[in-house]
Amino acid sequence: MNRTALLGVAFVAIPLAAIAQEPAPPAPPTTPEEFHQARETRMAQGGRTLAGLKQAADSGGDLAALAPRIEWLIQWSDELPTLFPVGSEAGHARPEIWSNPAGFTAAAQRFQTATRALAAPAAAGDRPAFMAAWTAVRASCGGCHADHKSD
């Protein structure tokens, strides 16, 4: 096999081998404890992601490079309401999540709207608009926690 063909095979085989070795995503939660653990894990990751976005913006970094983190945060905002099904009343969640689902849904929608608003100013490199959007995301997190989390 000549060198060019060998390199071509390597460029295909190496990524495929890496994909094959990636761990499978965890199974979706099914028990109250699993939902609680999933919520705790995602909330912590969301907090770290949000803090990382601010740190990157404050350091003068390229806001467009934040797109993967913003995309993850948007996906998290979509996943969030699904982690509170009836019967998963465990952990720090207040009973109002289930007794007033409309209030919880509205809070989740505010978070979804706020996270989506991060993408455009980041892509445009508009730091003031990005920081205003970041502040709105942070406020939506804090507002939901104030109303729906007990400590």
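The values are calculated or read from the model by the stated rules, or taken from the named source; none is laboratory data. Model, not experiment: these values are computed from the prediction. Neighbour counts are summed over all protein chains in view; Cβ atoms, including those assigned to glycine, are modelled from backbone coordinates with ideal geometry. The protein model used for the area step is the full one, side chains on, heavy atoms only, and it has no ligands, DNA or RNA in it. Shrake-Rupley method; radii C 1.70, N 1.55, O 1.52, S 1.80 Å.
Just one residue in the set 123, 90, 129 is free of Cβ contacts under 8 Å to residues at least 24 places away in the same chain, in contact with a helix residue (DSSP H, G or I) (Cβ under 8 Å, 6 or more places away or on another chain) and surrounded by 12 or more Cβ atoms within 10 Å (Cβ to Cβ); that residue is 129.
Residue check: residue 84 meets all listed conditions (1) touching a residue at least 24 places away in the same chain (Cβ under 8 Å); (2) open to solvent by 40 Å² or more (accessible area, probe 1.4 Å); (3) not polar (S, T, N, Q) but one, namely (2). Within segment 36-78, if we keep just the residues that are within 14 Å of residue 131 (Cβ to Cβ) and hydrophobic (A, V, I, L, M, F, W, C), the residue that is surrounded by the fewest Cβ atoms within 10 Å (Cβ to Cβ) turns out to be 51. Within segment 132-151, the residues that satisfy the criterion of being charged (D, E, K, R) and either crowded, with 16+ Cβ neighbours inside 10 Å or touching a strand residue (DSSP E or B) at 6+ places or on another chain (Cβ under 7 Å) (or both) are 138, 149. Would you confirm whether or not segment 73-82 contains a residue that is charged (D, E, K, R) and over 22 Å from residue 28 (Cα atoms)? Looking for residues that are charged (D, E, K, R) and over 22 Å from residue 28 (Cα atoms), one finds none in segment 73-82, hence no.
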